[in-house]
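The values are calculated or read from the model by the stated rules, or taken from the named source; none is laboratory data. Here the structure is a predicted model, which is why all the values come from computation and not from measurement. Cβ placement follows ideal geometry from the backbone for every residue including glycine, while neighbour counts extend to all protein chains displayed. Areas reflect the complete protein model, heavy atoms only, side chains present, ligands, DNA and RNA absent. Shrake-Rupley method; radii C 1.70, N 1.55, O 1.52, S 1.80 Å.
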Amino acid sequence: MIASLASIKAAAIAVPVLLAGRGIAAESTYKLDSHDAIIESAKTLAFDLMSLYNGNETGEIPGVLGYPPPSGPYYWWEGGALMSTMIDYWHLTGDDTYNDVVTQGIQHQVGPNNDFMTPNWTAAASNDDQCMWGLAALLAAEKGFPDPPKDQPQWLELAKAVWDDLASPDRHDDKCGGGLRWQIPLFNVGYDYKNSLPNACFFNLGARLAKLTGDKKYADASSETWDWLTGVGLLDTKTWAVYDGGHVDENCTDINKAQFSIVNAYLVQGAAYMYNFTKESDEWKQRITNLNDATLKTFFPNDIAFEAACEKSDHCTTDMLAFKGLAHRWLADTTQVASFTAEKLTPVLRKSTEAAVKQCTGGDSGRECGFFWSEGEFKETEAEGTVGQQMNVLAAVEGLLIADGVVGGGNGDGETDDGGSSGSSNEGGSTPTGTTTAPSGSPTSGAGRIGMEAVVVAVGLGAVGLLAL
Ligand SMILES: *[C@@H]1O[C@H](CO)[C@@H](O)[C@H](O)[C@H]1NC(C)=O
Ligand SMILES: *[C@@H]1O[C@H](CO)[C@@H](O)[C@H](O)[C@H]1NC(C)=O
Ligand SMILES: *[C@@H]1O[C@H](CO)[C@@H](O)[C@H](O)[C@H]1NC(C)=O
Ligand SMILES: *[C@@H]1O[C@H](CO)[C@@H](O)[C@H](O)[C@H]1NC(C)=O
């Protein structure tokens, strides 16, 4: 192996830095052995994560991680996921360094109707993308994140407006007996597909709105969505597997059996809110228990988060690289809302987080995080992008603080300011745009871009065909 002069020079510079900074090379910077150590680790992880976000710089677009493919690796939804990760970060650590950046980012994406139907991005937007942004606003309302200025739409109004859009008959047609389609625009590939992802998100949004507002209409809709998912067979109540989706021209019987951690976590957390809202009903308790067991079995083998559909083969798309952290956050929250789940979940989340930080030894800093938590060491992924990898580990680490008492904000008691100027108008929210932009922000769209994962190829082929136009 002949090294070039440049790389020898680089190594000569890098080695002393690594040794001085971290003692032994390849030992993780991050410690989890005390409350303070966890906070310190979360702070550094947040700093590194936010260094990848430049939406607050002059000339950049607040809220997003740059332009989506083909210009950049990140779809629109991932900005929403970043914002909510940082809301939890503030809530759990008390560090408000990034709060203004987060408020600016969310507010910039609300769109003309204050419902996250943002013209720049809606051409490629799916129901789950809009829902993800709605959940960022909802989390802000739940956790008492500082209110936006009075002349801007308020958190709870934004979340309700997203729910109103998703609940409307435009979005919930009766093909396959109900449920949301994957895509919003009529001509997008995936418009003819009804899948678990947006429906699980809508279920989650409604369950949490029910608890926050006390309004039963949200819980009723979530119950209906649960019944639809089980009726159509996407949620299999024998094995408790949750499958990806089916096409409307087949009455959704051609079920694509890919499974993604984000979908299970949406459902487990949503079920926890339903359980809490229904005054601890046995029905929801049983559902949580069954689904949680299946989730841990499929997505936490050896108690370490693992993206089952794509991780082994390193065929996870940039989208999929961000799912583990969302799963961690939502399962951590589950332990607070359905406290009986803590006994099973807490030790798993802890062990998974230990594995997560152990492999954060990459990059020039020597503390960059990778994706393959089970492998015990940093490794690059085939898919582009590092935001998912950093965000996952921050999500896992901050989640360890969840039982330590609230430091940032209130208790999500529904007292959040509901005023402001939020109009929650639904008009125009669901107008098909006639674009042929490739679909975004969903496991299945991700599959189309890589196109190698056998289980998700059914949808992927369509997306590939369209991209070639
Ligand atoms: C953008 O936010 C970062 C924190 O993530 C901060 O350090 C930086 O100064 C901000 N830039 C501007 C232009 O405000
Ligand atoms: C829409 O795109 C324009 C032009 O790139 C940009 O200035 C604006 O901030 C974008 N708006 C949103 C909400 O992303
Ligand atoms: C289509 O699927 C729905 C949901 O599974 C079911 O209720 C309905 O009976 C099916 N329709 C036909 C014609 O098979
Ligand atoms: C319901 O949620 C609240 C937090 O909002 C929590 O304090 C309470 O313990 C939960 N109930 C159960 C039975 O877990």
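General observations
- Heavy atoms of HIS172 accessible to a 1.4 Å probe, total area in Å² rounded to 10: 50
- P(r) tail fraction, region 272-408 - alpha-carbon pairs more than 21 Å apart, %: 42
- 17 Å Cα-Cα reach of LYS175 towards lysines, excluding residues that sit fewer than 8 places from it in its own chain: LYS194
- A 1.4 Å probe, protein heavy atoms only, puts the accessible area of SER222 near 0 Å².
- Averaging Cα coordinates gives a centre for region 195-239 and one for region 338-406; these two points are 28 Å apart.
- The share of alpha-carbon pairs in region 175-225 lying farther apart than 13 Å comes to 58%.
- In plain terms, the bigger the Kirkwood radius, the slower the diffusion; for region 211-337, with that radius from Cα pairs, at 37 °C and 0.692 mPa s, Stokes-Einstein puts D at 213 µm²/s.
- Solvent-free Debye scattering, log10 I(q)/I(0), computed from the Cα coordinates of region 260-319 at q = 0.16, 0.18, 0.21 Å⁻¹: -0.56, -0.66, -0.79
- Karplus-derived 3J(HN,Hα) values for region 305-322, using 6.51 cos²θ - 1.76 cosθ + 1.60 with θ = phi - 60°, are 4, 8, 7, 4, 6, 9, 6, 4, 8, 6, 10, 5, 7, 4, 4, 5, 5, 9 Hz; glycine and proline are entered as x.
- Rolling a 1.4 Å probe over the protein chains gives THR298 an accessible area of about 50 Å².
- Debye log10 I(q)/I(0) for region 198-264, one point scatterer per Cα, at q = 0.13, 0.15, 0.25, 0.29 Å⁻¹: -0.39, -0.50, -1.06, -1.22
- Net charge of neighbours whose Cβ lies under 14 Å from the Cβ of MET86, counting Lys and Arg as +1 and Asp and Glu as -1: -4
- Nearby lysines by direct alpha-carbon distance to LYS358 (threshold 29 angstrom, same-chain neighbours under 8 apart not counted): LYS9, LYS31, LYS43, LYS297, LYS312, LYS324, LYS344, LYS379
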